[in-house]
Amino acid sequence: MPEIEPADKIVPRILKQYSESPRGWRVLNTPLGEMLVVGPDSAFQLKIIPLNPQEFTGAGAELPESNNVIDSIRSSPEYGLRGLVQAELEAILESMINPTVTPSPIGSIIRRDPLSPDEIEKSNIDHFLTGPVLTRPDLSSMGPEVLRMRESLDRSANKVFRKRYPMRAGMYF
């Protein structure tokens, strides 16, 4: 079983790896705060507990090796941040308002190389398309390894939450 770490330690490591190489990343999440983040050379499973729109706590683990679940996620569309010009933003909005008349440019935008956070900071692009992020109701049907890790991460995330925020945790758990 991989070593479980607090989310505030593992998420910066994921972001650093993404910043160094923004190609080849995939993200899958659930409404329950579970995530699989699969990079070109690594994969992570997380349980996130939101504290507010800008903060979270929880737990995560780097998965040690590739398996069928990770390989299937790697065949999905690539996650990333892609800059948009004003005309593309308007075309996306128009395609949502009137899809039969205006084709959506999202497919061609998603095929572009994603930008790293450093590139975004240096650019003067005002609009970005992020994603895609795949969503499932839960991770339990993805395989026994994922299920075992999910259960461990649930316990660890709740433990971290209770330790750091005992008054808030009492309201929820």
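The values are calculated or read from the model by the stated rules, or taken from the named source; none is laboratory data. Worth saying up front: this structure is predicted, and the values here are computed from it rather than measured. Note: ideal-geometry Cβ built from the backbone for every residue, glycine included; neighbour counts use all protein chains shown.
Can you find even one residue in region 74-81 that is of a type in the set (A, V, I, L, M, F, W, C), in contact (Cβ under 8 Å) with a residue 12 or more places away in the chain and crowded, with 18+ Cβ neighbours inside 10 Å? Within region 74-81, not a single residue is of a type in the set (A, V, I, L, M, F, W, C), in contact (Cβ under 8 Å) with a residue 12 or more places away in the chain and crowded, with 18+ Cβ neighbours inside 10 Å.
Which of the residues belonging to region 48-80 are within 16 Å of V11 (Cα to Cα) and acidic (D, E)? Within region 48-80, E55, E62 qualify. Residue selection: I110 fails the criterion of being closer than 20 Å to R23 by Cβ, at pLDDT below 90 and buried (at least 17 other Cβ atoms within 10 Å of the Cβ).
With respect to E5, determine if the residue is touching a residue at least 40 places away in the same chain (Cβ under 8 Å) and part of a strand (DSSP E or B). Before the answer, list the steps.
Working: touching a residue at least 40 places away in the same chain (Cβ under 8 Å): yes; part of a strand (DSSP E or B): yes.
Yes; evaluated as a whole, the condition is true for this residue.
Residues that are among the polar types (S, T, N, Q) and touching a residue at least 60 places away in the same chain (Cβ under 8 Å) were ranked within region 22-45; the one that is nearest to F161 (Cα to Cα) is Q45.
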